[in-house]
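No value in this document is a laboratory result; all are computed from the given coordinates. Just so you know, these numbers come straight off a predicted model, no measurement behind them. No Cβ is skipped: glycine too gets one built from the backbone with ideal geometry, and neighbour counts run over all protein chains shown.
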């Protein structure tokens, strides 16, 4: 069974990729170095993340990840240790980049009404449920191949594993 627990840092609507990682850091290729600059354009969010208990699950409103198609945003979030992002809605490119890089993203309309900052939530992927202090929310089933990609560390890591297996055979 795959489940993830974390403490909520609750965000609003319309969080852009530039909010997550500023464009001036796009030259950085090391994930851990990118993570040091997370939300610098949004000191209100940055402070709350830095002060939060860990592990962290971000919960956001609509339009999470709009803007450029840069992969730096999900890479920085994952490298910082963000366990998952649950949002009312994602921009598709951010969603896909997150899956490709092994960051769990879950769309869940109504989630922002069910949690507050600091709440401990549990994501039960096997049963497609998010458990919150105010009740459980049924989510759309996440396909097994997506869960496997998240477990593996993303599409890139999965392709590396496949290449190593092919080379060893």
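Please order 162, 114 by the number of other Cβ within 10 Å, starting at the fewest. It would help to have the intermediate numbers written out before the result.
Values: 162 10, 114 20.
Least crowded to most crowded, the residues run 162, 114.
Averaged across orientations, what area in nm² does the convex hull of the alpha carbons in the stretch 66-151 project?
Details: hull surface 22.6 nm².
The orientation-averaged projected area of the Cα hull of the stretch 66-151 comes to 5.6 nm².
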